[in-house]
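Q: Can you keep this structure in mind? I'll have questions shortly.
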Amino acid sequence: MHKKLKTILAVGVLSSVIGVSAYADESQASNKYPAEPVHEVEFYGNPSSTISGGVSVPAGSSYLYTSGTTPPVLNKDGATVYERYGDTKTQAKGVLKNIENQLKEKGLTMNDVIYLRAYLTADPSKDNKFDFKGWNEAYAEYFNTESNPVKTARSTVGVAGLVSEDWLIEVEAVAVYPNKHNQN
């Protein structure tokens with residue numbers, strides 16, 4: 001009886017292994033897009049979009065991540081948020097300029113940015129709605145331009161508030177150091 005039970009168990013285990021192996025071979029064979037390593041940063045997505053759907057980065061690349069970067073003060077004695085920091089577009093341009101300066105200190109440019117995450121608060125002058133248009137207009141001055149054709153991957157998130165009630169936007173950036181071995 002024990003010999004018969006061992007035989008049944010052995011056949012069952014062997015069948016499971018063969019079945020899993022066959023399934024793995026089948027699933028790999030049906031993969032139309034096998035993963036291939038990239039040798040330079042590649043942006044992908046809808047060509048008509050102002051941002052990329054995603055980014056592939058070569059193995060071994062070095063990254064720079066900025067913390068949330070906030071707008072510069074325009075006039076510390078201003079009576080309103082708009083006098084102190086400006087509207088969303090003005091604040092966003094100031095934030096992107098600050099990011100550009102941070103990158104420069106590390107030997108990078110806005111052309112090396114692959115991803116941005118923006119946090120927007122509701123703008124009281126826009127019926128307490130998020131000013132996505134102002135953010136997009138500021139972005140368009142730095143990216144997807146003749147001098148910087150990069151279309152970053154990007155997320156824009158509406159939030160209830162930021163550290164300062166005057167801030168309408170805060171942005172995080174991710175940049176990749178160029179691979180010196182692939183440059184001409």
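Rule-based calculations on the coordinates, nothing more; no lab input. All figures in this text were calculated on a predicted structure; none of them were measured in a lab. Positions of Cβ are generated from backbone atoms using ideal geometry, with glycine treated the same way; all protein chains shown enter the neighbour counts.
Q: Would you mind stating whether residue 136 is surrounded by 14 or more Cβ atoms within 10 Å (Cβ to Cβ) and at positive phi? Before the answer, list the steps.
A: Numbers: surrounded by 14 or more Cβ atoms within 10 Å (Cβ to Cβ): yes; at positive phi: no.
So residue 136 does not fit the description; no.
Q: Here's another thing I want to ask about it. Considering segment 112-132 alone, what residues qualify as being crowded, with 16+ Cβ neighbours inside 10 Å, acidic (Asp, Glu), over 14 Å from the mean Cα position of the chain (by Cα) and not in a strand (DSSP E or B)?
A: Within segment 112-132, 131 is the sole residue that qualifies.
Q: Do the conditions hold for residue 135, that is, is it closer than 22 Å to residue 65 by Cα, part of a helix (DSSP H, G or I), in contact (Cβ under 8 Å) with a residue 12 or more places away in the chain and among the hydrophobic types (A, V, I, L, M, F, W, C)?
A: For residue 135, the condition - closer than 22 Å to residue 65 by Cα, part of a helix (DSSP H, G or I), in contact (Cβ under 8 Å) with a residue 12 or more places away in the chain and among the hydrophobic types (A, V, I, L, M, F, W, C) - is met.
Q: Taking the condition of being surrounded by fewer than 13 Cβ atoms within 10 Å (Cβ to Cβ) and among the hydrophobic types (A, V, I, L, M, F, W, C), how many residues in segment 139-158 meet it?
A: Summing the residues that are surrounded by fewer than 13 Cβ atoms within 10 Å (Cβ to Cβ) and among the hydrophobic types (A, V, I, L, M, F, W, C) in segment 139-158 gives 2.
Q: While we're on this one: Any idea how many residues of segment 134-165 are of a type in the set (Asp, Glu) and more than 27 Å from residue 81 (Cβ to Cβ)?
A: Residues meeting the conditions: 1.
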